[in-house]
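Throughout, read-outs are computed from the coordinates displayed, never taken from laboratory work. This one's a predicted model, so the numbers in the text were calculated from it and none came from an experiment.
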């Protein structure tokens, strides 16, 4: 259990460090004037934002101006990051399953190696559940706040 907690803590630390530059960009005055590019399509009320749209915080840019642009950009970034987390976790799960299959094939009846392979598959299933949550939680939040 301690090892699992240590791994989870390390993952949280890595993702926190990766999120710091994204958050720092939102404090940059030049970035605030420019706005952002939407990377994933989503709806807010009756408004639809498509991938590739540019959202600006500058009222002089009438074509791309949106009053709540910072929230829209933050939501688009969260959606984009959770998609990447999902794909990384899927790749890790596939590698773990291949490793467990290798352990089963080379166990030669050894209960220790077979037990280790069973543990690896169990951890892979837990990782898959976490990956599915990385996709489901943002979708559920968007649904409950009326964004799609």
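Remark: the residue 3-residue 126 segment gains 42.8 nm on full extension, using 0.36 nm per residue and subtracting the alpha carbon distance. For residue 60 and residue 99, the difference between the fully extended length at 0.36 nm per residue and the C-alpha to C-alpha distance is 8.4 nm. The alpha carbons of segment 72-148 occupy a box of 55, 18, 13 Å along the principal axes, longest dimension given first.
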